Each structure stands twice: as structure tokens, then as C-alpha cells.
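Every read-out reported here was derived from the displayed coordinates using simple, explicitly stated rules and does not represent laboratory data. Keep in mind that this is a model prediction, so the values were computed, not measured. When we count neighbours, we look across all protein chains shown, and the Cβ atoms used for this are built from the backbone with ideal geometry, even at glycine.
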Amino acid sequence: MMRDDLELLDFPKVMDQIKKYAYSSMGRELLDSFRPVLFPWDELKRLEEMIDYINKEGAPPIEGIEEVENIFKKLESGSLVDPPELLRIAYFLESSQRLRDIFFSEKDEYPKIWERFSNLPSFDHFIGEVKRCISEDGEIVDDASPKLRDLRIRKRSLQKTLKKKAEEYINKNRMLLQEDIYVLRDGRYLFPVKSSMKGKVRGIVHHVSSSGATVFIEPEEFVFLNNDMRFIEEEERGEISRILRKLSRLLTDRLKDLKLVLDAMAYYDTLQARARFAKENEAVVIHPKTGGKIKLVNARHPLIPKETVVPITVEVGGRSKGLVITGPNMGGKTVTLKTIGLFTAMAMAGFPVLCDPSSEIRIFS
């Protein structure tokens with residue numbers, strides 16, 4: 001069928017309704033690409049299995065597909081991804097593997113679904129490394145590498161030393177200070193010295209208050225320790241970057257596999273969306289035949305509200321050579337004809353239709 005034919009049948013408008021059941025933009029975009037085909041039976045069988053599964057167990061969720069699509073683009077461009085992004089990818093891949101495991105355990109009951117997801121690549125090593133290196137808060141943990149652990153130990157020890165030394169400095173120099181505090185600026189310990197007393201403090205002036213009454217000085221006995229802290233922090237940043245590059249490389253080396261998983265989850269999104277649409281609207285899967293007649297029993301047009309729709313029963317083909325519909329204006333003649341064409345297109349495209357299971361639909365080339 002051509003796009004214009006589908007528009008005349010309101011096919012795109014029905015797709016808009018079904019897209020509301022999708023979790024992701026990828027799933028919605030994929031639904032937009034569905035068209036009637038001559039051999040829809042595998043797709044319809046898979047949909048039938050998903051409806052059965054959802055009726056029994058509910059729809060397994062997809063975690064983070066929307067975010068991962070954007071992160072995937074960053075990886076493709078060679079950009080470094082940050083720890084929370086790596087964690088989101090790990091959760092997404094874990095979710096996809098959990099979905100695969102569910103249908104592996106149910107493969108005898110849902111063979112067509114399992115067939116679609118059986119070849120999903122595993123990312124166990126990547127998931128394990130991310131969980132080892134990144135906390136649930138999205139921070140790189142100390143044990144991500146021996147070097148990082150050593151740097152963090154040194155950093156905490158030096159922080160403790162600096163804090164103790166700063167408190168001692170305040171206690172000894174209260175007469176020189178505007179307030180009994182210290183401030184951290186760019187990672188350096190500074191003290192608010194009265195401008196009238198600045199000549200009594202040997203050190204580096206970093207800032208003067210707007211009133212000019214206070215001078216923020218880094219005393220010379222803190223310069224070495226502050227520098228040491230800066231060196232440690234610089235090394236720490238470098239080691240974190242190295243760890244992030246290593247984790248990112250586990251993905252960039254397998255971008256094709258990651259794309260396979262993304263595409264599979266987008267397809268799953270279309271499957272669960274169609275199944276949930278069927279459940280909420282009491283739609284059924286009709287397997288079209290290659291010949292014979294069209295018989296719709298209690299067919300309900302999906303764009304007409306449940307409260308006002310009038311079910312129709314109509315039969316076309318078989319021993320009949322034509323169809324005559326009569327009635328007053330606004331009596332439903334056009335809706336009836338559109339429903340016949342729409343339901344045929346929907347069934348051939350892999351969608352459920354709103355009618356009784358005893359209905360029959362045939363394939364048109």
C-alpha cells in the first residue's frame with residue numbers, strides 16, 4: 001500500500017494512538033516505519049505471544065533506552081562519557097540481558113519472541129567493570145584501580161593534616177584575623193587577615209574584599225602543603241580519566257553490538273506497545289489468509305471513542321461479488337468501508353485489530 005492509501009484509511013492516526021504505549025522515541029520512530037507486508041504471520045505470532053505474556057506477567061520494563069540512545073551518539077563521535085552515563089548504559093544492558101533471560105526461560109511457550117532476542121550479544125564484562133568502578137551515585141570508587149586507591153589515601157591524609165594545621169593557625173593568630181575561619185579557594189587554604197595586619201603575615205595575597213578591610217592570604221607554611229594537594233588532585237583527575245577511557249573503550253570496541261542491543265530493545269518497545277494497546281482496547285490478533293473473504297465481527301474503529309463507537313459486522317468476498325452499503329448521511333457507510341481497509345492494513349502490518357476473534361482478514365498484494 002502507498003502512503004496516500006494508508007492516510008486515507010487513517011492508518012497514521014491509529015499509529016499515533018499506539019505510539020502512546022511506547023516507552024522510547026526509538027520505539028515510536030520504529031512504529032512509524034511499520035507497513036503492510038505480504039508475509040506478516042511471524043510478526044503476528046510474536047505479537048500474540050507478547051499479549052499472552054503481558055496478560056500473565058505484565059510488561060517487562062526497558063531501563064534507560066532513551067538516555068542510552070544519546071550516549072551512543074557520543075561514543076560514536078569519540079567523546080568521553082562520564083561515570084553516570086556509563087552507569088546508565090550498564091543498567092540498560094543489564095535490563096536487556098534480563099529480558100533475554102526471561103524469554104530464554106520461557107522459550108518453549110514463546111518461541112517467536114525468543115527467536116527475535118536469542119542472538120543478543122552479552123556485555124557481562126562491561127557491566128561487571130562499571131559496577132566495580134562506579135558507585136550507584138555515579139562516582140568513581142577508590143578501588144577502581146590500585147593507583148587511585150593510593151592517591152585517595154594520600155589525599156585524605158593530607159586533608160586531615162591541612163585541616164588540623166588550619167585550626168592551629170587560627171588559634172595562634174586570632175588578633176590578625178578578621179574572623180576565626182579559613183576559606184578554600186581553588187583548593188587552597190586562605191585566611192581572612194585584617195588589612196591593617198597584612199604586613200605581619202608572610203604569604204601570598206589571593207583576594208581583597210570589596211571594602212578593602214580584609215585580605216585573603218595563603219600563609220607561606222601552607223603553600224607547600226597546598227601545592228602538594230593540587231598535585232595529588234591533578235594525578236587523581238588523570239587516573240580517573242584513564243579509568244573512564246578504559247571503560248569507554250569496552251564499548252567503543254563493540255559499537256556494532258551495542259547498536260544491535262539498542263535496535264532489539266527499540267523493537268521490543270514496539271512489541272510491548274502493540275500488546276498493551278491490544279490489552280487496553282480489547283483488540284485481537286487476526287492472522288490474514290492468502291485468499292477467501294473478509295469477515296469483521298463486531299469491529300470497532302479505533303479512532304472512535306469506546307463510549308460512542310457502534311460495532312459493525314460486515315462480510316466481503318467469498319461467494320459475494322460485491323458489497324452494497326445503504327443508509328442515511330452520517331449513517332456510518334464511510335466508516336464501515338474505512339474499517340475494512342484499515343483492519344486489513346493493520347493486520348498485514350503486524351497490529352492487533354478491534355473485533356471478535358472469529359473475524360477473518362485476507363492478504364492483498
note = Within the stretch 146-228, pairs of Lys residues whose Cα atoms are less than 25 angstrom apart, provided they are eight or more positions apart or on distinct chains, add up to 21
request  = With r as the distance between the Cβ atoms of ARG98 and GLU233 and R0 = 41 Å, compute the FRET efficiency 1/(1 + (r/R0)^6) and round to 0.05.
outcome  = 0.60
ask   = Once both labels are modelled 7 Å past Cα along the beta-carbon direction, what's the LEU337-GLU280 spacing in nm?
value = 3.2
key: Zero-based 5 Å bins, Cα pair distances in the stretch 218-281, whole percents   = 4, 14, 9, 10, 9, 8, 8, 8, 7, 6, 5, 5, 3, 3, 1, 0
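Take the Cα atoms of the stretch 146-228, build their convex hull, and give its volume per residue in Å³. Walk me through the numbers before you get to the answer.
Values: hull volume 6.8 nm³, N = 83.
In the stretch 146-228, the Cα hull volume divided by residue count equals 82 Å³.
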key: Percent of beta bridges antiparallel (DSSP, the chain, rounded to nearest 5)   = 95
remark   = SER195 and ASN173 label points (each 7 Å along its Cα→Cβ direction) are spaced in nm at 1.9
ask   = What list of whole percents do you get for P(r) of the chain, with Cα-Cα distances grouped in 20 Å bins up to the one holding the largest distance?
value = 23, 33, 21, 16, 7, 0
query = Top mean-square fluctuation among LYS73, LYS147, LYS172, Gaussian network model of the chain, C-alpha springs under 10 Å?
reply = LYS172
note = Per the charge dipole of the stretch 69-119 (beta-carbon charges, Lys/Arg positive, Asp/Glu negative, Cα centre), the residue among LEU75, LEU87, PHE103 reaching farthest to the positive end is LEU75
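Which length gain, in nm to one decimal place, applies between ASP143 and SER33 when the Cα-Cα distance is subtracted from 0.36 nm times their residue separation?
Numbers: separation 110, 0.36 × 110 = 39.60 nm, distance 4.64 nm.
Gain on extension, ASP143 to SER33, equals 35.0 nm.
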query = Want the number for ASP186 to GLU136: 0.36 nm per residue separation, take away the alpha-carbon distance, what's left?
reply = 15.2 nm
request  = List, in order, the whole-Hz ³J(HN,Hα) value for each residue of the stretch 10-26 obtained from phi through the Karplus relation with A = 6.51, B = -1.76, C = 1.60 and θ = phi - 60°; use x for Gly and Pro.
outcome  = 6, 4, x, 5, 5, 4, 4, 5, 5, 4, 5, 8, 7, 8, 9, 5, 4
request  = Subtract the Cα-Cα distance of THR290 and LYS306 from 0.36 nm times their separation in residues, and report this length gain in nm to one decimal.
outcome  = 2.6 nm
